[in-house]
Structures are given as C-alpha cells and as structure tokens.
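Inspection log for the structure reproduced underneath, given as structure tokens.
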C-alpha cells in the first residue's frame with residue numbers, strides 16, 4: 001500500500017468532507033463551508049472597496065524579464081573597390097545569464113512505521129509521519145502557564161473536588177502544530193482537558209434553555225493503571241434554535257504588529273475574520289480595530305449585511321511596528337461600548353500571537369482590566385496564531401478573565417472548524433459561571449485524581465459563592481472531565497498511615513452502589529443568582545466495571561492517555577506506552593464524519609518518533 005504524505009492527504013479529505021453533506025440529499029447552503037478567497041457577496045478589490053473609502057493594495061504578478069540578445073548589425077560593403085577592407089565580423093553577443101542552480105536535494109526521510117494487520121490505515125492527515133524528518137531547533141520564546149499535574153488525593157481527607165469548566169481547545173491544535181513540526185511540545189503546553197474537549201462525544205442533549213445541561217456519567221477500568229478506575233463526567237449544553245439567538249455585537253481586535261507578518265499569523269487571521277463575516281445576520285454588528293505601535297479603527301460598528309464593506313476593512317490590515325496591546329484593548333472596548341445592548345451578545349474577538357511589548361505588559365493588570373469590563377457585560381475571546389513567540393500564558397489569562405474562549409489556529413482547516421458552524425458554541429452563551437463539584441463516597445473510593453483542569457481548580461466553598469467567577473458555555477458546547485479513582489481495597493498510591501484513626505476506613509454507608517455525587521452550578525445569561533443541577537454517580541455493576549464501556553468513554557480515555565504520555569505524567573504504568581495508546585484510540589474511533597479521530601490516531605503514530613524534549 002502506498003502511504004501518501006499524510007498532512008496533504010487529510011487536508012484534501014477534510015475539505016471534501018466539509019464541503020459535502022454527511023448524508024445524501026439537498027445541500028444546506030446555510031452550513032456550506034465558506035471559501036475566504038472566493039466570497040459570495042463581492043470580491044475585495046481596489047475598485048470594490050473605493051466607494052467605502054478603503055484603499056486596498058492589489059498584488060500584481062511579478063514578471064521576470066526574458067533575456068533578449070542585442071541586434072546583430074550586418075556590414076555594408078563599400079561601393080568603391082579601393083575602399084573595400086577585409087570583413088571583420090562584429091563581436092559575439094554576451095552569453096545569456098546562467099540558469100539557476102538546482103535546488104539542494106532534500107534530506108532523507110525515514111519511512112513511517114509499518115501498518116500492522118490489525119491497525120487502521122488512515123488515508124491522510126494534517127500530521128506528517130511520526131518517524132520523518134526532525135525540525136531544526138529554533139529560537140523559542142513561547143510561554144505557557146504552569147500546569148503541574150494534579151496530585152492524588154485521599155477521599156478521607158478531601159472528599160470533594162471542585163473546578164470551573166473549560167471549553168477551550170487551544171492546547172489540542174497547538175500540540176498538533178508541535179508534532180507536525182517534528183518537535184515534542186513543552187509539558188505545560190499540554191492541557192489534557194482541552195485535548196479531551198476538542199472532540200464531540202454524542203452526549204444526550206437537553207431540551208430546555210432554563211435547564212441547559214444534560215449530565216452523563218460512566219465508570220470504567222483504567223487502561224493505564226491496573227486496579228484503578230476512570231470516572232467519566234460529561235456535560236452537554238443546550239443548542240439554541242436560530243430564533244432564540246440574540247444579535248451579535250462583535251469587535252475584532254487585530255494585532256498588526258511586526259511579529260504578525262508571517263503567513264501563519266495575520267494572513268490566516270484575516271481569512272478567519274472573513275469566515276465569521278460570512279455567518280453574520282443583518283441584525284448583527286461588527287467593528288474592526290487594530291493595534292501595533294499605535295491603535296486605530298478600520299471600521300466602526302457595521303451591520304452584518306454589509307459584508308463587502310467589512311471584508312474591505314479587514315483587507316486593509318497590514319503588519320508592522322511594535323505591540324501596544326493594552327492601548328488596543330482600550331480602543332476595542334470603546335467600539336464595543338458604542339454598540340452595546342443588554343439584549344445583545346457583546347464580545348471582543350482578539351486575533352494575536354500574544355506578544356505585548358509597549359505600554360502595559362503586566363499580565364495581572366491586563367487581567368484586572370478585562371475582568372472589570374466583563375462586569376459591564378462585554379466578554380473577550382482570544383484566538384492565537386503563529387509560532388516561536390506564541391504567548392499562551394497571557395492569552396489564557398485574558399480569555400479566562402473575559403469569560404471567553406481561548407483557541408489556537410494552526411491552519412485554514414482549523415479556522416474553518418472554529419469559525420464555521422462551531423462558531424456558535426463560542427458566540428451565543430447559554431450559561432455563565434459554570435462550576436462542577438464531585439463528592440466521592442468514602443465507602444467505595446479511597447483516592448482520586450482529576451485529570452487536567454490544573455488552571456481551573458476552585459476551593460470547595462467557591463462552589464456556592466456566586467461572586468466567584470467561572471467559565472462560560474455556549475450554544476451546543478459540551479464539557480468532559482475524567483477522574484482516576486482507586487476503589488477501596490485497590491492498590492493505593494498514597495502510603496498507608498501509621499495510626500489506625502488516620503487510615504482509610506472500609507465498608508458502611510454505601511447507598512445503592514453510589515460512587516459519588518455530581519453537582520453543577522450555573523447562571524443563566526443576565527441573571528445574578530446561580531441554579532443547581534444534581535446527579536448521582538453510580539456503578540450498577542455493584543463495584544464491578546464494564547468490560548466494554550461506552551465508546552465515548554473509551555475515546556476520552558484514549559485522548560487522556562495521549563496527553564498524559566506526552567507531558568510525562570508519573571501515573572502511567574511502565575508497560576503502557578505509545579503502542580497501547582494507539583491501540584486504545586484505534587479501538588474507540590467509532591463514527592468519524594470529519595476525519596478528526598483519524599487525524600488523532602495519526603498524531604499518536606507521529607508522536608512515537610519524536611525526540612525527547614530537553615528544554616522547557
């Protein structure tokens with residue numbers, strides 16, 4: 001079997017899938033993928049944008065002049081015999097310029113690992129083969145928030161676990177970028193919950209906007225730690241019908257500093273904005289602001305049916321200068337306030353590599369400013385671009401303070417995923433300040449460990465405190481969390497204590513096989529007081545776990561295993577390596593309409609050949 005270059009092949013497969021309906025029938029044009037280079041409402045050009053007052057520089061094709069030798073002058077014979085001289089031919093014309101040197105042959109590429117008889121052959125992927133060429137080291141000033149893995153906790157000491165939800169997916173696409181470059185990601189770049197939440201798990205859907213969540217739970221044997229179990233908690237959000245979606249008041253805040261000049265930054269950000277513009281309704285409004293050494297507004301709040309005008313404003317953005325991000329933020333909020341409405345979704349969308357180097361650059365001051373503006377009803381989401389100086393830590397801080405989404409855009413396929421129909425998940429909120437609390441039954445569980453959410457942990461008392469901020473969930477979004485637990489009598493990870501009264505008890509108080517109790521607290525948009533949902537976490541097997549847990553649980557465990565393996569967590573058994581992660585993923589792929597799970601399988605395969613990371 002011929003193995004094609006995987007990144008090129010899956011890009012084609014995904015584009016075909018996104019451009020076609022999943023099932024036969026008429027194509028729903030409202031869901032069609034937009035080609036940012038071929039808009040349906042008018043092509044951006046100097047002539048088309050001039051009536052709006054925009055000057056658009058049109059790229060002209062560069063022509064290389066062809067070499068033309070000088071004309072040869074033939075001799076004229078003299079008329080008189082005595083004037084005739086011996087004929088001397090003219091000097092030859094200068095030789096043409098030498099052809100360009102042939103390109104150097106590419107370095108040899110090692111063959112990808114052979115595909116076994118029981119493995120799934122993937123037609124293509126954005127991920128190159130894992131044992132291929134390793135990228136040369138590059139100067140790296142990227143910065144990530146500390147994400148030291150959560151420790152194991154005794155239920156006897158801390159029976160309750162509380163955290164804010166996280167619907168971000170930035171870590172997944174950023175990790176994919178590292179692997180595609182042939183490099184292992186920094187450990188802090190791997191936020192396992194964001195990798196898990198990249199995927200849809202097909203949870204049961206709620207039917208009411210006033211009770212906007214459906215809770216799904218499961219218990220399964222841990223694939224990487226014999227004798228332990230995985231608790232799966234899934235939260236599915238209500239999907240707002242079209243008629244219930246409020247008007248959008250969006251402000252694009254675009255970094256046009258010199259660091260954004262590369263094709264994977266501003267050029268990709270402009271295509272991303274055009275994808276959003278294509279989804280606007282007449283009742284929506286968008287302003288386009290920018291910042292570099294100075295700040296400005298390309299166009300103020302503009303109705304969503306003036307798409308060509310908005311595209312022209314985006315097209316005028318060019319990179320150059322330093323980065324006055326704080327001033328750009330002030331300007332963006334001013335534009336958002338100009339079109340503010342209590343009946344609208346008021347949100348700033350920031351497109352940046354996160355590099356602030358002029359004015360206020362302190363993360364805490366930026367966080368305080370954004371949090372104060374959040375209190376006025378204007379939220380902020382951050383979309384990251386580029387590599388080398390990607391400031392993930394700052395972007396996470398700003399997005400969390402702004403009750404917004406943090407995502408990383410590594411290519412146009414990811415832009416289409418984020419800003420196509422899935423954009424609604426971040427644009428139209430269904431619940432604010434969403435917190436999850438799990439109380440474990442000490443008669444059934446002796447230890448637990450929350451996988452991921454290291455930057456989202458809350459104190460137990462924060463759960464009922466409506467003044468404590470937490471994450472926002474948008475229309476149709478889902479949240480997944482996994483715990484690894486040690487059943488009572490199982491292999492403890494924390495050494496036993498010396499004194500009997502401090503040891504973990506066994507037996508008693510086991511109502512109907514309950515493993516724990518799940519609570520979800522949330523606020524409906526615009527409300528001050530939170531609401532509560534409760535769900536019993538039970539194991540109907542009487543302490544035994546199913547040999548074949550649901551596909552959604554098996555897939556979530558595969559992604560969690562991959563993330564933990566990437567960052568070198570100490571909780572994985574010695575015999576559970578990349579081959580076991582790959583086998584787990586292949587066995588849980590299920591339906592994969594858009595090829596995302598096939599791509600993940602290929603990421604696992606590619607990660608096997610990565611060199612160990614020697615620097616943070």
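Among the residues of segment 552-560, are any outside any strand (DSSP E or B), touching a helix residue (DSSP H, G or I) at 6+ places or on another chain (Cβ under 8 Å), at pLDDT below 95 and under 15 Å from residue 228 (Cα atoms)? For segment 552-560, residues outside any strand (DSSP E or B), touching a helix residue (DSSP H, G or I) at 6+ places or on another chain (Cβ under 8 Å), at pLDDT below 95 and under 15 Å from residue 228 (Cα atoms): absent. Of the residues making up segment 468-492, those that are assigned to a loop (DSSP other than H, G, I, E, B) and either crowded, with 18+ Cβ neighbours inside 10 Å or modelled with pLDDT under 95 (or both) number 10. The residue that is modelled with the lowest pLDDT, among those in segment 148-167 that are within 23 Å of residue 572 (Cα to Cα) and crowded, with 22+ Cβ neighbours inside 10 Å, is 155.
Note on segment 418-449: among residues that are touching a residue at least 40 places away in the same chain (Cβ under 8 Å) and assigned to a helix (DSSP H, G or I), the one that is nearest to the chain's Cα centre (by Cα) is 418. Quick check on segment 327-350. Is at least one of its residues outside the structural domain of residue 164 (by the TED database), modelled with pLDDT under 90 and either buried (at least 16 other Cβ atoms within 10 Å of the Cβ) or over 19 Å from the mean Cα position of the chain (by Cα) (or both)? Looking for residues that are outside the structural domain of residue 164 (by the TED database), modelled with pLDDT under 90 and either buried (at least 16 other Cβ atoms within 10 Å of the Cβ) or over 19 Å from the mean Cα position of the chain (by Cα) (or both), one finds at least one in segment 327-350, hence yes. For residue 592, the conditions (1) in contact (Cβ under 8 Å) with a residue 60 or more places away in the chain; (2) surrounded by fewer than 19 Cβ atoms within 10 Å (Cβ to Cβ) are fulfilled apart from (1).
Within the option set 384, 388, 404, being touching a residue at least 12 places away in the same chain (Cβ under 8 Å), over 16 Å from the mean Cα position of the chain (by Cα) and outside any helix (DSSP H, G or I) holds for one residue only, 388. Checking each residue in segment 567-587 for being modelled with pLDDT under 95 and part of a helix (DSSP H, G or I) picks out only 567.
The condition of being crowded, with 19+ Cβ neighbours inside 10 Å and either at pLDDT below 95 or over 20 Å from residue 609 (Cβ atoms) (or both) holds for only one of 540, 546, 530, that being 530. Kindly evaluate residue 170 against the criterion of being touching a strand residue (DSSP E or B) at 6+ places or on another chain (Cβ under 9 Å), crowded, with 22+ Cβ neighbours inside 10 Å and closer than 15 Å to residue 453 by Cα. Here the answer is yes, as residue 170 does meet what is asked.
The set of residues in segment 324-349 that are touching a residue at least 40 places away in the same chain (Cβ under 8 Å), more than 18 Å from residue 302 (Cα to Cα) and touching a helix residue (DSSP H, G or I) at 6+ places or on another chain (Cβ under 9 Å) comprises 325, 326, 329.
Residues that are assigned by the TED database to the domain that holds residue 157, free of Cβ contacts under 8 Å to residues at least 24 places away in the same chain, over 28 Å from the mean Cα position of the chain (by Cα) and part of a helix (DSSP H, G or I) do occur in segment 452-467.
The single condition from (1) modelled with pLDDT of 85 or more; (2) out of contact with any helix residue (DSSP H, G or I) (no Cβ under 8 Å at 6 or more places or on another chain) that residue 134 fails is (1).
For segment 168-183, the tally of residues that are part of a loop (DSSP other than H, G, I, E, B) and touching a helix residue (DSSP H, G or I) at 6+ places or on another chain (Cβ under 7 Å) stands at 2. Any chance segment 195-210 includes a residue that's surrounded by 22 or more Cβ atoms within 10 Å (Cβ to Cβ) and in a helix (DSSP H, G or I)? Taking every residue of segment 195-210 in turn, at least one turns out to be surrounded by 22 or more Cβ atoms within 10 Å (Cβ to Cβ) and in a helix (DSSP H, G or I). Taken together, the criteria exclude residue 223 from residues that are at pLDDT below 95 and farther than 27 Å from residue 435 by Cβ.
The values are calculated or read from the model by the stated rules, or taken from the named source; none is laboratory data. From a predicted model like this one, the values you see are computed outputs, not experimental measurements. As a convention, Cβ positions derive from the backbone with ideal geometry for all residues, glycine included, and neighbour counts pool all protein chains shown.
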